[in-house]
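Here is the structure we will look at, set down as structure tokens.
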Amino acid sequence: MDDCLLLDAGSGGRASQRLVAQCFLRHFANPLLERLDDAALLRDLRGPLAMSTDSYTVTPLFFPGGSIGSLAVHGTVNDVSMLGAHPRYLSCAFILEEGLPLDVLERVVADMGRAARTAGVQIVTGDTKVVPRGACDKIFINTTGVGEIFTDPAPSGHNARPGDAVLVSGAMGDHGLTVMGSRESLSFLTDVASDSAPLNQMIADVIAAAGEVHVLRDPTRGGLATTLNEIAEQSQVCISLEEEQIPVHESVKSGCSFLGLDPLYLANEGKCICILPEEKAEAALAAMRASPYGTEAARIGSVSDGKAGQVSLRTRIGGQRLLGMLEGAQLPRIC
């Protein structure tokens, strides 16, 4: 049992202190966290601020291209970035199942530490709870991020305007299909990997290059189609897409075809939607393509003042297809 988590590790006593010191502090080390106060004292933030929180329950814990640990950092960093902000600080809270192998926890925490360093953020406060066997599925993580907004007005789903161009920073559907393939041990999906990545620097470069960005969103749960429906409803506009222009990797196309899935509704964890004035589109695309996370960026459509809240797709053969909002979960537990 020395190699597994015991309920004592969540008691607040010496067992908790050992877990914090030997695991969390080792991988998240920074002066703010190392004070181990009840809260982090953040002296250098200047408003306005962006704040986001999310919980991660993905299964399996590890998959090609990432893990629940890197995903928890990337997801919150990206959410804060979509408001035109520089993410600065994260909190993280763990709910851990009794009996969890400590080497599994350490691997997850190490992934989080690396992801935070890559994104240039610090994990400055957190919490750990250990629950009896069966009360949760191995590891649940909640992260909250805070960042400083550097553009005015801040991008918002309410700001799409007729005449705007619709861009994506890369191929759709990689993350959702990867998690499913790993969960079900589907051998024909072994060449698919999650796109999980921190987009904060790329987003800052896009805003600097374009100067005016109306909407930034990351198409996670529900994928591209559902996220664009949300934007169309919030802005009361019509969004028209060109199927031929939407990047989707061939391995994802073939996997979706075999499984009866639509890549436009699959989750992405390292891509963004950018909606901005037509004349700014090329500058934004160039900034995306200069980033290692945006090499496949493409313009995929435009915004019009047609039927408000509607998203339509011109198919490869010239037909029209309405893309509705996903009703439920195409794939559960993908983030």
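The values are calculated or read from the model by the stated rules, or taken from the named source; none is laboratory data. These numbers come from a predicted model, not from an experiment. Ideal geometry is used to build each Cβ from the backbone, glycine not excepted, and the neighbour counts take in all protein chains shown. Note: areas computed on protein heavy atoms with side chains; ligands, DNA, RNA excluded. Shrake-Rupley method; radii C 1.70, N 1.55, O 1.52, S 1.80 Å.
List of remarks:
- Hits in segment 176-194 - residues which are surrounded by fewer than 23 Cβ atoms within 10 Å (Cβ to Cβ) and under 30 Å from VAL146 (Cα atoms): ALA193
- Against the test of being at pLDDT 95 or above and under 30 Å from ASP8 (Cα atoms), the options SER81, SER52, SER70 yield a single qualifying residue, SER70.
- Selection status of LYS280, surrounded by fewer than 21 Cβ atoms within 10 Å (Cβ to Cβ), of a type in the set (D, E, K, R) and closer than 30 Å to GLU184 by Cβ: no
- Residue pairs meeting the criteria (Cβ under 9 Å; at least 6 apart or on separate chains; first farther than 16 Å from VAL131 by Cα, in segment 100-114; second open to solvent by 40 Å² or more (accessible area, probe 1.4 Å) and in a helix (DSSP H, G or I)): GLU106/GLN22; GLU106/ARG26; VAL109/ARG26; ALA110/ARG26; GLY113/ARG26
- Taking segment 288-306 as the range and being surrounded by 12 or more Cβ atoms within 10 Å (Cβ to Cβ) and either over 27 Å from the mean Cα position of the chain (by Cα) or basic (Lys, Arg) (or both) as the test, the residues that pass are ARG289, ARG299, SER304, GLY306.
- Candidates ASP195, ASP164, ASP191, ASP111: the one that is touching a helix residue (DSSP H, G or I) at 6+ places or on another chain (Cβ under 6 Å) and more than 28 Å from PHE24 (Cα to Cα) is ASP191.
- In the condition set (1) over 30 Å from LEU259 (Cα atoms); (2) open to solvent by 30 Å² or more (accessible area, probe 1.4 Å), ASP164 is compliant with all but (2).
- Only one of the numbered conditions (1) surrounded by fewer than 18 Cβ atoms within 10 Å (Cβ to Cβ); (2) on the phi < 0 side of the Ramachandran plot is not met by GLY120, and that is (2).
- For segment 213-268, a residue qualifies if it is closer than 26 Å to PHE150 by Cβ and basic (Lys, Arg), and exactly one does: ARG217.
- Candidate set from segment 70-91 (those that are under 13 Å from ILE141 (Cβ atoms) and open to solvent by 10 Å² or more (accessible area, probe 1.4 Å)); member that is nearest to the chain's Cα centre (by Cα): HIS74
- Sole exception among (1) out of contact with any helix residue (DSSP H, G or I) (no Cβ under 8 Å at 6 or more places or on another chain); (2) open to solvent by 50 Å² or more (accessible area, probe 1.4 Å); (3) in contact (Cβ under 8 Å) with a residue 24 or more places away in the chain; (4) within 29 Å of TYR56 (Cβ to Cβ) for PHE258, by number: (1)
- Odd one out for PRO153, checked against (1) in a helix (DSSP H, G or I); (2) surrounded by fewer than 24 Cβ atoms within 10 Å (Cβ to Cβ); (3) without any contact (Cβ under 8 Å) to a residue 60 or more places away in the chain: (1)
- Subset of segment 8-29 (residues that are more than 13 Å from PHE94 (Cα to Cα) and either open to solvent by less than 40 Å² (accessible area, probe 1.4 Å) or assigned to a helix (DSSP H, G or I) (or both)): ASP8, GLY13, ARG14, ALA15, GLN17, ARG18, ALA21, GLN22, LEU25, ARG26, HIS27, PHE28
- Reported count of residues in segment 6-46, each being modelled with pLDDT under 90 and aliphatic (A, V, I, L, M), is 4.
- Number of the exception - GLY318 against (1) at pLDDT below 95; (2) out of contact with any helix residue (DSSP H, G or I) (no Cβ under 8 Å at 6 or more places or on another chain); (3) closer than 30 Å to ASP137 by Cβ: (3)
- Only one entry of ARG117, ARG43 meets the criterion of being of a type in the set (Lys, Arg) and over 21 Å from the mean Cα position of the chain (by Cα), and that entry is ARG43.
- Within segment 41-68, residues that are within 14 Å of LYS138 (Cβ to Cβ) and open to solvent by 70 Å² or more (accessible area, probe 1.4 Å) reach no partner that is at pLDDT 95 or above and hydrophobic (A, V, I, L, M, F, W, C) with beta carbons closer than 9 Å at six or more positions or on different chains.
- Pairs with Cβ under 7 Å, 6+ apart, first in segment 116-143 and farther than 24 Å from SER196 by Cα and among the basic types (Lys, Arg), second open to solvent by 60 Å² or more (accessible area, probe 1.4 Å) and part of a strand (DSSP E or B): LYS129/ILE95
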